[in-house]
Amino acid sequence: VSELALIDAIERRLRARGAGMVQGPGDDAAVVRSRALAVTSIDTVAEGVHFERSTHGPRDIGWKALAQALSDLAAMGADGGEAYVSLALPADLDDEAALELVDGMEELAALAEVAIAGGDVVRSPALVVSVAVTGWADDEAELVTRAGASPGELVGVTGELGGSAAGLLVLRARAARGAVPDARPAGCDPAVAAALVRRHLRPEPRLAAGRSLAAAGATAMIDLSDGLATDARHLARRSGVRLELSLSALPLAAGVEAVARAGGRDPAELAVTGGDDYELLFTAPARGRPALEGAAAAAGVPVTWLGHVAAGDGVVLAGEGGRPLEGLAGYEHQ
Ligand SMILES: [Mg+2]
């Protein structure tokens, strides 16, 4: 099939969504009705760096590429808007697989209520997917950056941690055992292992929670893409503060403990260094605690308070008995 035919088939799979789209895919450029502030981010995933085709199917790759980009909009408190996608396709990925990748992306786009408004397809030696997303806000005050944390405030996190890293361990164990579908690390229930795998392959960006937390008074926010240890450091640096967090407070996803132990890893270490959880880490004044918990609950996610903001710099991760742990760093893709 020619490239034009493939592009045609891709466009037929995409649905317009949202009030802002004037001209979607198929013309020379997309046309979108703007709101006051455009919030833009771009993310790229590459085979061999961010995923392997032995553990990630085409649909998973499409979903994940968009999820990662949308998670950055969630961390700003923006409304989702449009996505623009560049697909670099290797010769050994057939057109059917390319269309499945688009289907995975479109599935998440529908769930997140964003529109894939344009894109590009090229041939390439490796599979690379770039997604640029634009979110919207009406006023600067609706948005939250990484830079607003002050000493004395609380540090919270949405949802559960470590699930994605544990899911990847399960996937790798399966791949190593020749893709026996129910292969899983010892000590982990099959339904729990399946949930961990889903958590890794189909992360759901916290767009609703990001908006709610921003509106409820979060002072700084970041999404957990590289792991709590690394992303907390980014927030601390941009805010010019120190974050003091307790590892005993970590909300570990079910099964993380069993999978980590089976793989010879410490569960808390796996949860803070494992990436791809796409939860939101945020700060807020202590008096805002009920409002933030309520805002997250309204968006369908729990909040766990991990510690507080102090004067200084860096991140202290205190283990059992408050003893600080050194040398924990998140996984940085390179
Ligand atoms: Mg981010």
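The values are calculated or read from the model by the stated rules, or taken from the named source; none is laboratory data. On a predicted model such as this, the values are computed, not experimentally measured, just so you know. For neighbour counting, all protein chains shown are included, and Cβ atoms are generated from backbone atoms with ideal geometry for every residue, glycine included. Areas reflect the complete protein model, heavy atoms only, side chains present, ligands, DNA and RNA absent. Shrake-Rupley method; radii C 1.70, N 1.55, O 1.52, S 1.80 Å.
Points to keep in mind about this one:
- For segment 137-143, the Karplus equation 6.51 cos²θ - 1.76 cosθ + 1.60, evaluated at θ = phi - 60°, returns couplings of 8, 8, 8, 4, 5, 6, 9 Hz by residue, with Gly and Pro reported as x.
- Cut-off under 5 Å, modelled amide H: who pairs with His308 long-range: Val155, Glu244
- Förster-model FRET efficiency, 41 Å R0, Ala318 and Asp103, C-beta, rounded to 0.05: 0.40
- Applying 1/(1 + (r/R0)^6) with R0 = 56 Å to the Cβ-Cβ distance of Ala46 and Asp138 gives a FRET efficiency near 0.95.
- Given 13 as the ceiling on other Cβ atoms within 10 Å, longest exposed-site-free region of the chain for trypsin sites (Lys or Arg not before Pro) in DSSP loops: 178-334
- Label-to-label distance, nm, for residues given as Ser34 and Glu113 (7 Å Cα→Cβ offset): 2.3 nm
- Listed residues Phe51, Gly24, Ala299: farthest to the positive end of the dipole of the chain (Cβ charges): Ala299
- Charge dipole magnitude, Cβ of K and R +1, D and E -1 - segment 129-276, Cα centre, debye nearest 20: 600 debye
- The label-point distance for Arg289 and Arg123, in a model that sets each label 7 Å from Cα toward Cβ, rounds to 6.2 nm.
- Under the simplified labelling scheme, the Ala299-Ser248 pair shows an inter-label distance of 2.9 nm, with each label point 7 Å from Cα along Cα→Cβ.
- With the cut-off at under 19 Å, measuring from each backbone N in segment 217-257 to a point 7 Å along the Cα-to-Cβ line of Ala191 picks out 253-257.
- Within the shell of other residues whose beta carbon sits under 11 angstrom from the beta carbon of Arg13, the net charge comes to -4, with Lys and Arg scored +1 and Asp and Glu -1.
- Each Lys or Arg adds one and each Asp or Glu subtracts one; over the other residues with Cβ under 13 Å from the Cβ of Leu37, this totals -4.
- Net charge of neighbours whose Cβ lies under 11 Å from the Cβ of Val309, counting Lys and Arg as +1 and Asp and Glu as -1: -1
- Sequentially through segment 11-20, phi angles give Karplus couplings (6.51, -1.76, 1.60; θ = phi - 60°) of 4, 5, 8, 9, 10, 5, 7, x, 7, x Hz, Gly and Pro residues having no value and appearing as x.
- Its convex hull of Cα atoms gives segment 163-319 a direction-averaged projected area, equal to a quarter of the hull surface, of 9.2 nm².
- Note on surface exposure: Ser248, Ser239 rank Ser248, Ser239 by accessible area, highest first, 1.4 Å probe.
- The chain, accessible surface, carbon-and-sulfur percent (1.4 angstrom probe): 51 percent
- Within the chain, longest stretch clear of exposed GluC sites (Glu not before Pro) (DSSP loop, no more than 15 other Cβ within 10 Å): 114-325
- With R₀ fixed at 51 Å, the C-beta to C-beta distance from Ala310 to Ala5 puts the FRET efficiency at about 0.30.
- Relative contact order for segment 47-145, counting Cα pairs under 8 Å that sit 6 or more residues apart, in percent: 43 percent
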